[in-house]
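These notes are about the structure you will find just below.
The values are calculated or read from the model by the stated rules, or taken from the named source; none is laboratory data. The model shown is predicted, which means the values in this text are computed figures rather than measured ones. Here the Cβ positions follow ideal geometry from the backbone for every residue, glycine too, while neighbour counts run over all protein chains shown. When the accessible area is computed, the model is the full protein with side chains, heavy atoms only, and any ligands, DNA or RNA have been set aside. Shrake-Rupley method; radii C 1.70, N 1.55, O 1.52, S 1.80 Å.
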2 protein chains.
Amino acid sequence: MHHITHRVGIHAPLAQVEQALTTIDGLAGWWTRDTQGQTGVGESITFTFRGHGGGEMGRFVMKVLPPTATQQVRWSVQAGPPEWVGTEVSFALSQQDGQTVLLFAHRDWREQVEFMAHCSMKWATFLLSLRALVEQGRGQPAPEDLKIDNWN
Amino acid sequence: MHHITHRVGIHAPLAQVEQALTTIDGLAGWWTRDTQGQTGVGESITFTFRGHGGGEMGRFVMKVLPPTATQQVRWSVQAGPPEWVGTEVSFALSQQDGQTVLLFAHRDWREQVEFMAHCSMKWATFLLSLRALVEQGRGQPAPEDLKIDNWN
């Protein structure tokens, strides 16, 4: 199995970062504006990515998993691109040196395909969007997300 | 073994991207200003990262490997942080949809440590720096690089 991992520091209290990861409004502020569902453990969140014209480009359904000792937020991918189904996304938060350090992981890709490289780069830019949301009050969620290549 | 991979599209001719990866001036324009050495196959390039005051923060020595059918630029890490020594960095370029698509890989990490997550995020931001250099004439190499967490 193959994993995408990223580490980013955010100059804000841990609870504020957690809020951006565990509320519909928070998630809609940095990943995609069209975020719907419930964020409680065992519930599902649907993330729909749309073009500027409103047309659907992609859709991910995540089931919220119970937190572990180190990972406050964990999702299991229920629906989405075939490469994503069965993978797990997690966010681990800790306070270090006056920052909230976020250790992100998108685990259990079956193959290290080129699409995984695309997603790794997109996740990095979305984590910067999350940081901007928390630190400055404004993220860059889809459809205003940074386009990084010819795939999106 | 574990790998970092990223994919980024650059709106410029392939030869221009290749130049930013195969000349000392090009590399100094997006990764670190203190880039020295020779970029021919079999030769070595030394990348030194400094703080704003000029003090050395880190140093990487890369041996330039022969290109493969798909990877135009390949480096073997000769010296640097222990986790990096023996790993391989590569850049594969192709033209697609009017862009030069860069498939980046930093392969053969022995363990998927937290430092790898940090490096994955840093590589993503340095690839955006490379894109800015090629598209707009100005990258963001160290020491002006984007600081992404409490480690750098």
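What to note about this one:
- Verdict on A:A12 being more than 12 Å from the chain's Cα centre (by Cα) and open to solvent by less than 40 Å² (accessible area, probe 1.4 Å): yes
- Residues being over 17 Å from B:V8 (Cβ atoms) and either within 14 Å of another protein chain (Cβ to nearest Cβ) or not in a loop (DSSP other than H, G, I, E, B) (or both) - total across segment B:133-152: 6
- Whenever a residue of segment A:80-96 is touching a residue at least 40 places away in the same chain (Cβ under 8 Å), its partners that are surrounded by 16 or more Cβ atoms within 10 Å (Cβ to Cβ) and among the hydroxyl-bearing types (S, T, Y), lying with C-beta atoms within less than 8 angstrom and at least six residues away or across chains, give the pairs A:L93/A:T100; A:S94/A:T100.
- Residues satisfying the stated conditions in segment B:21-75, i.e. modelled with pLDDT of 95 or more and at positive phi: B:G37, B:G42
- Exactly one residue among B:G80, B:G51, B:G58 is more than 10 Å from every other protein chain (Cβ to nearest Cβ) and exposed (fewer than 14 other Cβ atoms within 10 Å of the Cβ), and that residue is B:G51.
- Of the residues making up segment B:105-131, those that are open to solvent by less than 10 Å² (accessible area, probe 1.4 Å), outside any helix (DSSP H, G or I) and facing chain A (nearest Cβ under 7 Å) number 0.
- For segment B:61-79, the criterion of being without any contact (Cβ under 8 Å) to a residue 40 or more places away in the chain, over 16 Å from the mean Cα position of the chain (by Cα) and within 26 Å of A:L102 (Cβ to Cβ) is met by none of the residues.
- Yes/no for B:E88 being acidic (D, E) and farther than 20 Å from B:W123 by Cβ: no
- Per the conditions (1) aliphatic (A, V, I, L, M); (2) within 14 Å of chain A (Cβ to nearest Cβ); (3) assigned to a loop (DSSP other than H, G, I, E, B), the sole criterion not satisfied by B:V85 is (2).
- Selection count where residues are crowded, with 20+ Cβ neighbours inside 10 Å and under 28 Å from A:Q96 (Cβ atoms), scope segment A:22-44: 5
- Qualifying positions in segment A:89-104 - assigned to a strand (DSSP E or B), under 10 Å from B:D149 (Cα atoms) and at the interface with chain B (Cβ under 8 Å from one of its Cβ atoms): A:Q96, A:Q99, A:V101
- Selected residue (criterion: farthest from A:V64 (Cα to Cα)) from residues of segment A:85-102 that are open to solvent by less than 50 Å² (accessible area, probe 1.4 Å) and touching a helix residue (DSSP H, G or I) at 6+ places or on another chain (Cβ under 8 Å): A:T100
- Some residue of segment B:2-9 being over 15 Å from the mean Cα position of the chain (by Cα) and among the basic types (K, R): no
- When A:R33, A:R50 are checked against the criterion of being in contact with a Pro (Cβ under 7 Å, 6 or more places away or on another chain) and closer than 21 Å to A:P82 by Cα, A:R50 stands alone in meeting it.
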